[in-house]
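Peer 1: Just dropping this structure here.
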Amino acid sequence: MRISELSTASGVPVATIKYYLREKLLPEGERSSPTQASYGTAHVQRLGVIRALVDAGVGIAGVRKVVGVLEEPPENPYDLLGAANAAVTPVIAGEPDLTEATALLERMGGAPEKCFPDQLAAVAHALATLERAGFTVPEPVMAAYLEHLSAIADAELAATPATSIEDAVRYVVLGTTLVEPLILALRRVAEQVAASRRFGTG
């Protein structure tokens with residue numbers, strides 16, 4: 001398909017597609033002449049990933065990291081999933097104290113050397129934010145978080161597509177950026193349901 005047809009198929013304006021091509025976020029099409037190129041399903045899929053990331057608030061630098069994982073994926077599935085996740089994990093400035101974050105990681109059965117540093121730093125940053133606000137997560141609540149988040153992670157990994165590297169990376173990256181708001185929204189709904197059971201609806 002030509003770029004105009006790619007635009008129609010993907011819903012992305014031609015000017016934006018050309019920008020992604022210039023930024024090397026989208027691979028070049030197959031040249032049929034110096035001014036013409038043809039594009040295929042892979043381009044439509046890549047545009048879907050890019051637009052989903054952009055719509056979720058991921059900047060071009062983050063999109064470039066994801067594309068880097070797609071272009072040169074690690075051979076080991078663990079490294080692939082970690083790299084895809086790390087590509088959309090905000091980098092925490094400075095060197096946060098990882099002591100409490102490491103303790104929580106170990107309670108979930110993990111080890112610091114098997115966790116990407118940015119993810120552990122993000123946990124430490126979140127804990128520090130809670131501490132500054134003078135808020136402590138009660139131990140029974142933290143235990144529930146760790147138990148159920150571990151179960152969610154197991155279920156998500158079990159559902160990771162094995163059809164292709166791009167499908168796996170797309171699943172992990174979009175699952176991180178797009179599903180997290182759903183999880184937060186469902187958490188609030190669950191709290192309302194629990195409150196209605198415990199206290200009635202007023």
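The values are calculated or read from the model by the stated rules, or taken from the named source; none is laboratory data. Quantities reported herein were computed from a predicted structural model and do not represent experimental measurements. As a convention, Cβ positions derive from the backbone with ideal geometry for all residues, glycine included, and neighbour counts pool all protein chains shown. Only protein heavy atoms, including side chains, enter the accessible area calculation; ligands, DNA and RNA are left aside. Shrake-Rupley method; radii C 1.70, N 1.55, O 1.52, S 1.80 Å.
Peer 1: I need the full set of residues from the stretch 158-172 which are touching a residue at least 40 places away in the same chain (Cβ under 8 Å) and either over 17 Å from Val44 (Cα atoms) or assigned to a loop (DSSP other than H, G, I, E, B) (or both), in order please.
Peer 2: Keep residues of the stretch 158-172 that are touching a residue at least 40 places away in the same chain (Cβ under 8 Å), which gives 160, 165-166, 168-170, 172.
Answer for the stretch 158-172, where residues must be touching a residue at least 40 places away in the same chain (Cβ under 8 Å) and either over 17 Å from Val44 (Cα atoms) or assigned to a loop (DSSP other than H, G, I, E, B) (or both): Thr160, Val172.
Peer 1: I'd like the residue in the stretch 156-182 that is among the small types (Gly, Ala, Ser) and open to solvent by 70 Å² or more (accessible area, probe 1.4 Å) and, out of all such residues, is farthest from Asn76 (Cα to Cα). Please lay out each step first, then the result.
Peer 2: First pass over the stretch 156-182, keeping only residues among the small types (Gly, Ala, Ser): 158-159, 162, 164, 168, 175.
Next cut, open to solvent by 70 Å² or more (accessible area, probe 1.4 Å) only: 158, 162.
On the way: Ala158: 16, Ala162: 13 Å.
Ranking the candidates gives Ala158 first.
Peer 1: Only residues in the stretch 112-130 that are in the same structural domain as Ala86 (by TED's automatic domain parsing) and open to solvent by less than 50 Å² (accessible area, probe 1.4 Å) count as the first member; pair them with residues that are part of a helix (DSSP H, G or I) and charged (D, E, K, R), Cβ under 6 angstrom, at least 6 apart or cross-chain, and list the lot.
Peer 2: Note: pairs meeting the criteria are Leu127/Glu100.
Peer 1: Could you give me the residue pairs with C-beta distances under 7 Å whose first residue belongs to the stretch 56-80 and is free of Cβ contacts under 8 Å to residues at least 40 places away in the same chain, whose second residue is open to solvent by 40 Å² or more (accessible area, probe 1.4 Å) wherever it lies, and which are 6+ apart or on separate chains?
Peer 2: Matching pairs, first to second residue: Ile60/Glu23; Val63/Val54.
Peer 1: Of the conditions (1) part of a helix (DSSP H, G or I); (2) surrounded by 12 or more Cβ atoms within 10 Å (Cβ to Cβ), Ala185 clears all except one; give me its number.
Peer 2: Result: Ala185 fails condition (2) only.
Peer 1: Among residues belonging to the stretch 82-111 that are under 30 Å from Leu25 (Cβ atoms) and touching a Ser or Thr at 6+ places or on another chain (Cβ under 7 Å), point out the one that is surrounded by the fewest Cβ atoms within 10 Å (Cβ to Cβ). Full working, then the answer.
Peer 2: At the first step, the residues of the stretch 82-111 found to be under 30 Å from Leu25 (Cβ atoms) are 82-94.
Now narrow it down to the ones that are touching a Ser or Thr at 6+ places or on another chain (Cβ under 7 Å): 85, 88.
Working: Asn85: 18, Val88: 21.
Ranking the qualifying residues of the stretch 82-111, first place goes to Asn85.
Peer 1: When the stretch 28-54 is examined, which residues are found to be touching a residue at least 40 places away in the same chain (Cβ under 8 Å) and open to solvent by 40 Å² or more (accessible area, probe 1.4 Å)?
Peer 2: Ala42, Gln45, Arg51 - these are the residues of the stretch 28-54 that are touching a residue at least 40 places away in the same chain (Cβ under 8 Å) and open to solvent by 40 Å² or more (accessible area, probe 1.4 Å).
Peer 1: Moving on. Just checking, how many residues over the stretch 1-27 are surrounded by 19 or more Cβ atoms within 10 Å (Cβ to Cβ) and either in the same structural domain as Thr177 (by TED's automatic domain parsing) or closer than 26 Å to Glu72 by Cβ (or both)?
Peer 2: Let us first name the residues in the stretch 1-27 that are surrounded by 19 or more Cβ atoms within 10 Å (Cβ to Cβ), namely 6-7, 10, 12, 17, 20, 25-26.
Applying the additional criterion that residues be either in the same structural domain as Thr177 (by TED's automatic domain parsing) or closer than 26 Å to Glu72 by Cβ (or both) yields 6, 10, 12, 17, 20, 25-26.
Within the stretch 1-27, residues that are surrounded by 19 or more Cβ atoms within 10 Å (Cβ to Cβ) and either in the same structural domain as Thr177 (by TED's automatic domain parsing) or closer than 26 Å to Glu72 by Cβ (or both) number 7.
Peer 1: Has the stretch 33-40 got any residue that is aromatic (Phe, Trp, Tyr), outside the structural domain of Glu166 (by TED's automatic domain parsing) and under 27 Å from Pro90 (Cα atoms)?
Peer 2: As a first pass, look at the stretch 33-40 and keep what is aromatic (Phe, Trp, Tyr): 39.
Then drop every residue that is not outside the structural domain of Glu166 (by TED's automatic domain parsing), which leaves 39.
With the extra rule that they be under 27 Å from Pro90 (Cα atoms), the set shrinks to none.
Within the stretch 33-40, not a single residue is aromatic (Phe, Trp, Tyr), outside the structural domain of Glu166 (by TED's automatic domain parsing) and under 27 Å from Pro90 (Cα atoms).
Peer 1: If you scan the stretch 66-80, which residues turn out to be touching a helix residue (DSSP H, G or I) at 6+ places or on another chain (Cβ under 9 Å) and open to solvent by less than 70 Å² (accessible area, probe 1.4 Å)?
Peer 2: Within the stretch 66-80, Val66, Val67, Gly68, Val69, Leu70, Pro73, Pro74, Leu80 qualify.
Peer 1: Does at least one position in the stretch 139-153 carry a residue that is open to solvent by less than 50 Å² (accessible area, probe 1.4 Å), modelled with pLDDT of 90 or more and of a type in the set (Ser, Thr, Tyr)?
Peer 2: yes
Peer 1: Given the conditions (1) over 17 Å from the mean Cα position of the chain (by Cα); (2) surrounded by 12 or more Cβ atoms within 10 Å (Cβ to Cβ), which single one is not true for Gly200?
Peer 2: So Gly200 meets the others, but not (2).
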